[in-house]
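**Student:** Submitted below is the structure of interest, expressed as structure tokens.
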Amino acid sequence: MNSNGIILRLEDVSRIYLQGEETVRALDKVTLTLKKGEFVALAGPSGSGKTTLLNVAVGLDRPTEGQVWIRDHHLNSMGAHELARLRLNEVGFIFQSYNLVPVLSAEENAELILLLRGVPRTERKKVVHQILEKVGLRGLETRRPAELSGGQQQRVAVARAIAAEPALVLADEPTANLDSETALSLLKLMEELNREHETTFLFSTHDPRVIKRAHRVIYLVDGRVDRDEAQSE
Amino acid sequence: MLIVLKIAWRNLWRKPLRTLLTVVTISLGLAVLLIFLGIGDGGHYQMIESAVRMGAGHVVIQKRDYYARGGIDRFLDRTEKKRAQEWVREMEELFPIQYALSRTYASGLASSADGSAGVLMIGIQPKSEREASRFDDKLIQGEFLDATSHNQVILGEGVARKLALEVGEKLVLMAQAAGSPEIQSLLVRVKGILRTGLEDSDQTLILLPLATAQSFLNLGEGIHQIALLMDNSGPSFEVAAKGKERLPSMEVLSWSETMPELVDFIRIDDGGNYIMNIVLFLLIAFTVLNTLLMSVLERGREFALLHALGLTPNKRFFMVLFEATFIAALSALLGFGIGYGAHLYLHIHGLPLDLFYSGDLSVAGVTFDPVIYSDLSAARILSSLALVFLLTLVLALVPARRAARSGDIHLLGRA
């Protein structure tokens, strides 16, 4: 498949779970495409399938039906090792509950992806210092996650997600556990990175303030794409 | 891999008390293993040394079939003795042979005014035996034989008691002479009385000068045995093997062939020790498995995160293996320190078994010193360290596999 600037493509993707004897259709024939540099919100009520879509989009979960591509990589036909390598090289992930490695410092967490990719130390340190400066964590490099506030931890997670300049950053409710001020500042940071590096962002949220700032909003209802709307910046 | 190593190392110290307890448990297991091996090997070494010095020697050269069939007539004549001695001189160039002792053996009867007893008469070279064997140390009365001792004997304590003899008193020895159906007799005087500690031996043993024995038994210059004593038992088998090749008309036997019951005892004892070590390590194994498995199960969310970030299953697998390797390395270091320290103490001061037992200690017909000195070879130490490493790593495979397979993304959502 020729990507033509397409970063993510889902085609008729369904994800069906069995909960006891009940079948739950978390995603129902979802088709969507994300292009380079898009800043997209995935909106919808709780249980609408936002997190499942994000997981399926990066191969953390397998679709029951349908096809998924990141650039030219067909995720359905890849094994666990290949998917792990793909995520390492192409995707940045920001989770709702920070999810930093507790035994690593802020700086080490931020450079984790670069380290795993084998980026040389000098280059790695330079990039990480710039990113930590940008996310406002200068001076906190040596602190471990337990010594940082929720907002600071989320900033480290953002720094980790973008340090290696991935093609696609997925964020699952990135502002859900943050106060309004911290959430707004984080959102601005993501917008800035999107603008400066043309990084494609896809973030799930049900926060209207966050939805308002997205360039495009995909509304999910009961696992189906209900609306897909562009918004003026 | 560096970051995986770093995370693995730091993970150990997330719960330092648990890690330290695990390390201490494995270390103590290793230390106990080294102490047991040292005492076991030391005890066996002492048994072998006692047996060869009180008995046959590390290697013996005899007339073919003498071991199985005995007999006064199966002796090495002058020519055979000379050939054997020449070969021994060759071996002395290659191996640490300290003594080559010529001996004669004869069963017979000893009589005094108070009675008679069946005895084993051993003709020895007094000067060499005094230096080489431990008969001299076992004397409880009188003096040992010397170059001037003609027609003088050393009696086992039991023989002396049975015949009611004291040092300086006379007795008559009777035995069949070589090449003759006639019974010979010889009047001798008691020069000393010894106590080997072995009831059987003390009840029958009589030592007499080789020249006296040769003349009494009509052996000429013949002997029944050349016993080789070395500074350690290590090369015994090699020397015996060479002897079998070079002296096909004679039998050249190592101590393990002349004392198979001692070999059997050591094997059984080793077997018991192995079983004990296995039980010990099974207990340790479950501690290690518990620690590593708990550590992995507790970190389900972290492994899911690393999985999501792109850490391959192989790297997650190795992360846990590295943790196990660190634990094994720390344990090996500490365990070696404790175990080797204890070994050095026991090597110098010994373990006094007489604290637990009274009387002489004898096993498989061998009396040995009740103070056991630890003897630990480099091979034993290395194999023990390797065992600890291997065991820890093998046990780590279970949690490592679990870590490699973990990646439950639903755990990531939990705040």
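Every read-out reported here was derived from the displayed coordinates using simple, explicitly stated rules and does not represent laboratory data. These figures come from a predicted structure and were not determined experimentally. Here the Cβ is made from the backbone with ideal geometry for all residues, glycine too, and neighbour counts use every protein chain on show.
**Student:** Taking a quarter of the surface of the Cα convex hull of chain A, what do you get in nm²?
**Tutor:** Averaged projected hull area, Cα only: 13.1 nm².
**Student:** Continuing with the same structure: Order of B:Val279, B:Val263, B:Val59, B:Val296 from fewest to most other C-beta atoms within 10 Å?
**Tutor:** On the way: B:Val279 10, B:Val263 16, B:Val59 32, B:Val296 24.
With the sparsest Cβ surroundings first, the list reads B:Val279, B:Val263, B:Val296, B:Val59.
**Student:** If a/c stays under 1.5 just call it rounded; otherwise compare a/b with b/c (prolate if a/b is bigger, oblate if not). Do that for the stretch B:31-149, with a ≥ b ≥ c from the square roots of the Cα gyration tensor eigenvalues.
**Tutor:** oblate
**Student:** At 222 nm, what helix-only mean residue ellipticity would chain B give, in deg cm²/dmol to the nearest 500, using -39500 (n - 2.57) for each DSSP H run of four or more?
**Tutor:** -18000 deg cm²/dmol
**Student:** Right, next: When the expected Rg is taken as 2.2 N^0.38 Å, what fraction or multiple of it is the alpha-carbon Rg of the stretch B:214-263?
**Tutor:** Cα Rg divided by the expected 2.2 N^0.38 Å: 1.37.
**Student:** Each residue of the stretch A:191-206 in turn: what ³J(HN,Hα) in whole Hz from Karplus with 6.51, -1.76, 1.60 and θ = phi - 60°, glycine and Pro shown as x?
**Tutor:** Along the stretch A:191-206, the couplings run 4, 4, 5, 4, 5, 6, 10, 6, 6, 7, 10, 10, 10, 8, 6, 10 Hz.
**Student:** If you don't mind, there's one more thing I want to ask. For helix B:260-298, report the angle its Cα long axis makes with the longest principal axis of the Cα atoms of chain B; keep it between 0 and 90° and round to the nearest 10°.
**Tutor:** 10
**Student:** When chain B is treated as a GNM, springs tying every alpha-carbon pair under 10 Å, which of B:Leu309, B:Leu229, B:Leu219 comes out with the largest mean-square fluctuation?
**Tutor:** In this elastic network of chain B, the residue with the biggest mean-square fluctuation among B:Leu309, B:Leu229, B:Leu219 is B:Leu309.
**Student:** Right, next: Can you compute the charge dipole magnitude of chain A about its Cα centre, using +1 on each Lys and Arg Cβ and -1 on each Asp and Glu Cβ, nothing else charged? Give it in debye, rounded to the nearest 20.
**Tutor:** 540
**Student:** Could you tell me whether the stretch B:183-286 comes out rounded, prolate or oblate from its Cα gyration tensor? Rule is a ≥ b ≥ c as square roots of the eigenvalues, rounded for a/c under 1.5, then prolate if a/b exceeds b/c, otherwise oblate. Could the numbers behind the result be given before it?
**Tutor:** On the way: a/c = 3.86, a/b = 1.82, b/c = 2.12.
It is oblate, given that a/c is not under 1.5 and a/b is not larger than b/c.
**Student:** Distance from a point 7 Å along Cα→Cβ of B:Lys170 to each backbone N in the stretch B:79-123: keep the residues under 17 Å and list them by number.
**Tutor:** Within reach of a label on B:Lys170, which here means backbone N under 17 Å from a point 7 Å along Cα→Cβ, the stretch B:79-123 contributes B:110-116.
**Student:** Now a separate question. Which residues make up the longest stretch of chain B clear of chymotrypsin sites (Phe, Trp or Tyr not before Pro) that lie in a DSSP loop with no more than 14 other Cβ atoms within 10 Å, not counting the sites? Working shown, then result.
**Tutor:** Numbers: sites that count: B:Trp13, B:Phe356, B:Tyr357.
Longest run free of exposed loop sites: B:14-355.
**Student:** B:Lys63: which lysines have alpha carbons under 20 Å from its alpha carbon, excluding same-chain residues fewer than 8 sequence positions away?
**Tutor:** B:Lys81, B:Lys82, B:Lys242, B:Lys244
**Student:** Turning to a different aspect of this structure: Among the GluC sites (Glu not before Pro) in the stretch B:142-175, which ones are in a DSSP loop with at most 13 other Cβ atoms within 10 Å of the Cβ? Mind listing them?
**Tutor:** Those that pass, being in a loop and sparsely packed, are B:Glu143, B:Glu166.
**Student:** Only Lys, Arg, Asp and Glu count, each charged at its Cβ (+1, +1, -1, -1), so figure out the dipole size of chain B about its Cα centre, rounded to 20 debye. Please report the intermediate quantities before stating the final value.
**Tutor:** Details: 39 positive and 42 negative charges, 502 e Å.
Roughly 2420 debye for chain B.
**Student:** Using modelled backbone amide H atoms (1.01 Å from N, in-plane), which distant-in-sequence or interchain residues come within less than 5 Å of A:Val225's amide H?
**Tutor:** Under 5 Å from the amide H of A:Val225: A:Thr31.
**Student:** Right, next: Can you tell me which lysines have their Cα less than 29 Å from the Cα of B:Lys138? Leave out same-chain residues fewer than eight positions away.
**Tutor:** B:Lys127, B:Lys162, B:Lys170, B:Lys191
**Student:** Then there is this: Please state the charge dipole magnitude for the protein assembly as shown, taken about the Cα centre, from unit charges on C-beta atoms (+1 on K and R, -1 on D and E), reported in debye and rounded to the nearest 20.
**Tutor:** Using only the charged Cβ atoms, the result is roughly 2020 debye.
**Student:** For chain A, what number of Lys pairs, 8 or more residues apart or on separate chains, have alpha-carbon atoms under 28 Å from each other?
**Tutor:** For chain A, the number of qualifying lysine pairs is 21.
**Student:** Next up: Which whole-Hz ³J(HN,Hα) couplings does the stretch B:5-13 yield from phi under the Karplus relation 6.51 cos²θ - 1.76 cosθ + 1.60, θ = phi - 60°, glycine and proline marked x?
**Tutor:** Running phi through 6.51 cos²θ - 1.76 cosθ + 1.60 with θ = phi - 60° gives 4, 4, 5, 4, 4, 6, 4, 4, 9 Hz.
**Student:** Using the Karplus equation 6.51 cos²θ - 1.76 cosθ + 1.60 (θ = phi - 60°), what ³J(HN,Hα) coupling, rounded to whole Hz, does each residue of the stretch B:391-402 give in order, writing x for Gly and Pro?
**Tutor:** For the stretch B:391-402, the Karplus curve yields 4, 4, 5, 5, 5, 6, 4, 5, x, 5, 5, 5 Hz.
**Student:** When a/c is below 1.5 the answer is rounded, else prolate if a/b is larger than b/c, else oblate, so apply that to the stretch A:1-86 with a ≥ b ≥ c taken from the square roots of the Cα gyration tensor eigenvalues.
**Tutor:** oblate
**Student:** Right, something else. Can you say what percent of the DSSP beta bridges in the protein assembly as shown, counting only those with both residues inside, are antiparallel? Round to 5.
**Tutor:** 70
**Student:** Now a separate question. Just to confirm the number: angle between the C-alpha axis of helix B:78-94 and the first principal axis of chain B, 0 to 90 degrees, nearest 10?
**Tutor:** Compared with the principal axis, the helix lies near 30 degrees.
**Student:** Under a 10 Å cutoff between Cα atoms, tell me which one of B:Ile348, B:Ile381, B:Ile140 has the largest fluctuation in the Gaussian network model of chain B.
**Tutor:** So, out of B:Ile348, B:Ile381, B:Ile140, the one fluctuating most is B:Ile348.
**Student:** Which value at 222 nm does chain A reach when only helices count, each DSSP H run of 4 or more adding -39,500 (n - 2.57), with the total divided by all residues and rounded to the nearest 500 deg cm²/dmol?
**Tutor:** On the way: 8 runs with 82 residues, N = 233.
Theoretical 222 nm ellipticity from helices: -10500 deg cm²/dmol.
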